[in-house]
Structures are given as structure tokens and as C-alpha cells.
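Engineer: The structure is given below, and queries will be raised subsequently.
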Amino acid sequence: MATKDLSKAKNLLEIRDLKKYFQVGKGQTLKAVDGITFSIKKGETVGLVGESGCGKTTAGRTLIRLYEATGGEVIFDGMNVHKLDKKGLKDFTRRAQMIYQDPYASLNPRMTVGDIIAEGLDIHGLYKDNKERMKKVYDILQIVGLNKEHANRFPHEFSGGQRQRVGVARALVLEPDFIVCDEPISALDVSIQAQVVNLLEDLQKEMGLTYLFIAHDLSMVKHISDRIAVMYLGSMMELTSSNALYEEPLHPYTKALLSAIPIPDPEIERTREREILKGDVPSPINTPPGCKFQNRCKYATDICRKEAPVLKEVKPEHYVACHLVK
Ligand code: SF4
């Protein structure tokens with residue numbers, strides 16, 4: 001697990017009651033992100049986890065203004081992201097980057113890798129001449145474990161892991177401060193996943209990067225995250241350090257997610273108690289009243305069906321949204 005000392009680090013991002021709703025016809029509203037509040041320190045990796053459809057990718061995209069927010073605000077290095085003027089926004093779109101889940105789909109097949117990487121440099125005018133443009137491309141290829149010759153090749157000539165390295169290079173060439181890593185290892189073979197995680201960790205150390213690392217499975221964020229946020233149906237259910245989340249999960253949903261991860265020791269695996277999740281995630285268009293998790297929670301009581309629990313600090317730096325956890 002990540003073991004950085006971030007006690008003196010300042011917040012790079014402050015996300016306050018952020019909402020992103022979509023109108024989906026017949027006057028219906030899909031509340032993809034329904035009021036989330038958290039912060040990310042400079043140099044920190046926050047893992048954002050939940051089943052598909054829980055709003056984590058929409059949250060990541062709204063954070064870096066790929067989507068306009070419906071409500072709330074994102075403060076990045078003192079700037080209100082959703083109120084930036086044209087110049088401020090251009091600077092922000094350089095400083096905040098995204099690495100996408102599917103390295104196959106996110107790279108233009110008709111462009112050489114050199115041009116894919118240099119595209120952001122072109123948009124932001126970050127070189128004097130072509131020599132400097134290509135030097136930046138060659139340097140970043142080397143940093144991500146590829147080489148100069150790869151610049152003239154096309155994405156189909158690369159393996160999945162190499163394509164994701166190209167995706168990382170494309171984000172890094174702009175020298176960002178913050179990267180939303182949107183399930184960057186989910187589409188890769190298990191044998192390659194650790195390599196990409198190690199690369200991201202090394203780059204963070206060398207360049208002082210800050211990450212939001214999105215994943216649908218808690219096992220994928222365990223090693224890279226300093227803190228982990230668990231989302232369900234657009235709301236945040238639990239937020240704490242990686243260690244606390246794995247050793248002492250408090251929210252019933254987090255316990256169920258952890259329970260789904262197989263333990264390599266067959267003896268422990270056979271005898272441990274499992275929290276099995278019943279049913280599917282309800283539609284974010286028709287969320288249940290009260291606690292959004294109530295129709296799948298074995299501890300649900302009357303209050304859970306009436307009142308939505310708020311995320312509160314139940315132990316130092318351990319936040320939980322559950323009526324049962326005091
Ligand atoms: Fe379960 Fe109630 Fe806690 Fe929701 S508030 S997680 S329904 S116990």
C-alpha cells in the first residue's frame with residue numbers, strides 16, 4: 001500500500017457538494033453524481049471505487065470539467081474550476097489530465113504515436129519548433145518505458161500494456177499536476193496490470209503528481225491509493241485511508257465489496273464470513289428513498305427507508321454515511 005507522509009501536504013483539490021445530473025427524456029433526471037464532498041492533497045492518490053453505474057467516471061470527468069457541473073464546486077489550486085474564464089480554462093486543461101480505461105479505443109488508429117502524444121503540445125503551443133516538439137515526445141516515450149522508434153508507429157502495432165503507456169505519455173507530456181486515471185488497468189491482462197500501476201507510482205514520485213484512481217474493484221486500488229472513497233448510486237458511502245478501509249471497513253456496502261475479493265489462502269477463504277450483495281444496483285433515475293443502499297442492505301431498518309444518512313467523521317479521518325455507524 002502507498003505509505004507516503006502527506007501530513008503536511010496542502011489540498012490540491014477541494015470538491016464540495018458536486019452534482020452532475022443528466023436529463024434522460026420524459027422529464028426524468030439521472031443523478032449520476034449526487035452531492036459528493038472530499039479533497040485530494042498534493043502528491044496524494046485517492047482511489048474512487050464502486051460498481052459500474054455508481055457515478056465514479058462521471059465524477060472524474062466533472063472534476064476536470066469534461067462535463068459541466070449541475071451543482072457544487074471544484075476548487076483546484078485555489079481556482080474555481082467551473083467558473084474559469086477562457087484563459088484560465090486553457091491552463092487548467094493542461095494541468096489536469098485524464099488516462100482512459102480502454103487503451104484500444106482512446107488512441108486514434110490513423111495517427112502515429114508521436115502525433116498522438118504531441119497533439120496536446122500543439123493545442124497548448126508548448127514548443128518553439130519541430131525539433132523541440134519531437135524532443136518532448138522522445139523524452140516522454142523514454143520516461144514511460146517505450147523508445148524513440150515507437151513515435152513513428154501506429155497504435156495497432158502495440159500490445160495492450162504498451163498502448164496504455166502511450167496513454168500515460170500523452171497525459172504526461174503536458175506536465176500536469178493532476179491526473180484522473182479512469183480504470184486504467186481494467187482492460188489489461190492481470191500480468192500487465194502491476195506494471196502499469198508501478199509505472200504510475202514511479203511517475204508520481206518523480207514528478208509529484210496527484211491522482212484520482214478510479215476502479216470498480218477494491219483489489220485494484222489497494223496498492224496505489226493513500227485514501228479510498230467508496231461510491232454508490234452517485235453518493236459517497238465511505239472515505240478513509242487505504243489501511244483503515246481494508247482493516248476496519250465500517251459501511252455495509254464497503255464490507256460487501258471487500259468480501260467479493262478472493263483471498264489467496266484457501267484455508268481463510270473457506271472459513272471466512274462473506275457479506276453477499278443481494279440484487280443489482282437500482283437505476284440512478286429512480287433511487288430508493290432514504291439510504292440509497294437500503295434495498296440491498298441486510299441491516300436496513302425503518303430510519304434507513306426514510307432518511308438519507310449523511311457522510312460524517314466517525315473516527316479521525318474516517319467518514320461514513322450510515323445510520324448504524326455512530
Ligand atoms: Fe444499511 Fe441503513 Fe446503513 Fe444504509 S443507513 S447502509 S440501509 S444500515
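The values are calculated or read from the model by the stated rules, or taken from the named source; none is laboratory data. No experiment lies behind these values; they were computed from the predicted model shown. All Cβ positions, even for glycine, are placed from backbone atoms using ideal geometry, and neighbour counts span all protein chains on display. Quick note on the areas: whole protein, heavy atoms, side chains included, nothing else; ligands and nucleic acids left out. Shrake-Rupley method; radii C 1.70, N 1.55, O 1.52, S 1.80 Å.
Engineer: Can you tell me which residue among 126, 121, 63, 48 is open to solvent by 30 Å² or more (accessible area, probe 1.4 Å) and aliphatic (A, V, I, L, M)?
Structural biologist: 126 is the lone residue from the list that is open to solvent by 30 Å² or more (accessible area, probe 1.4 Å) and aliphatic (A, V, I, L, M).
Engineer: Can you name every residue in the stretch 122-156 that is closer than 12 Å to residue 107 by Cα and either assigned to a helix (DSSP H, G or I) or touching a Gly at 6+ places or on another chain (Cβ under 8 Å) (or both)?
Structural biologist: Hits for the stretch 122-156 are 155, 156.
Engineer: Residues being open to solvent by 60 Å² or more (accessible area, probe 1.4 Å) and under 17 Å from the mean Cα position of the chain (by Cα): count how many of those fall in the stretch 1-13.
Structural biologist: 2
Engineer: Considering the stretch 288-308 alone, what residues qualify as being in a loop (DSSP other than H, G, I, E, B), near the ligand (Cβ under 7 Å from one of its atoms) and under 13 Å from residue 232 (Cα atoms)?
Structural biologist: 291, 293, 297
Engineer: Looking at the stretch 67-82, can you tell me whether even one residue there is acidic (Asp, Glu), touching a residue at least 12 places away in the same chain (Cβ under 8 Å) and under 20 Å from residue 211 (Cβ atoms)?
Structural biologist: yes
Engineer: If you check residue 90 against the conditions, is it assigned to a helix (DSSP H, G or I) and charged (D, E, K, R)?
Structural biologist: Judged against the criteria, residue 90 is a match.
Engineer: Here are some residues: 43, 27. Which one is open to solvent by 50 Å² or more (accessible area, probe 1.4 Å), assigned to a loop (DSSP other than H, G, I, E, B), of a type in the set (Gly, Ala, Ser) and farther than 23 Å from residue 188 by Cβ?
Structural biologist: Only one candidate qualifies: 27.
Engineer: Could you say which residue among 179, 228 is more than 30 Å from residue 322 (Cβ to Cβ) and either under 14 Å from the mean Cα position of the chain (by Cα) or in contact (Cβ under 8 Å) with a residue 60 or more places away in the chain (or both)?
Structural biologist: 179
Engineer: Which condition does residue 235 not pass, out of (1) of a type in the set (S, T, N, Q); (2) away from the ligand (no atom under 13 Å from the Cβ); (3) surrounded by 17 or more Cβ atoms within 10 Å (Cβ to Cβ); (4) over 24 Å from residue 197 (Cα atoms), if it passes all the others?
Structural biologist: Residue 235 satisfies all of (1) of a type in the set (S, T, N, Q); (2) away from the ligand (no atom under 13 Å from the Cβ); (3) surrounded by 17 or more Cβ atoms within 10 Å (Cβ to Cβ); (4) over 24 Å from residue 197 (Cα atoms) except (2).
Engineer: If you take the residues in the stretch 223-254 that are out of contact with any strand residue (DSSP E or B) (no Cβ under 7 Å at 6 or more places or on another chain) and under 18 Å from residue 41 (Cα atoms), which one is modelled with the lowest pLDDT?
Structural biologist: 223
Engineer: Those residues that are among the hydrophobic types (A, V, I, L, M, F, W, C) and more than 28 Å from the chain's Cα centre (by Cα), I need them from the stretch 98-134; list them, please.
Structural biologist: Selection gives 134 alone.
Engineer: Select from the stretch 90-121 the residues that are free of Cβ contacts under 8 Å to residues at least 40 places away in the same chain and over 18 Å from residue 76 (Cα atoms) and list them in ascending order.
Structural biologist: 105, 114, 115, listed by residue number.
Engineer: With respect to residue 277, is the statement that it is open to solvent by less than 40 Å² (accessible area, probe 1.4 Å) and either in contact (Cβ under 8 Å) with a residue 24 or more places away in the chain or not in a helix (DSSP H, G or I) (or both) true?
Structural biologist: When the stated conditions are applied, residue 277 does not pass them.
Engineer: With respect to residue 219, is the statement that it is touching a residue at least 12 places away in the same chain (Cβ under 8 Å) and under 24 Å from residue 17 (Cα atoms) true?
Structural biologist: no
Engineer: Please specify each residue of the stretch 51-60 satisfying the condition of being open to solvent by 10 Å² or more (accessible area, probe 1.4 Å) and either touching a Phe, Trp or Tyr at 6+ places or on another chain (Cβ under 8 Å) or among the hydrophobic types (A, V, I, L, M, F, W, C) (or both).
Structural biologist: Within the stretch 51-60, 51, 58 meet the criteria.
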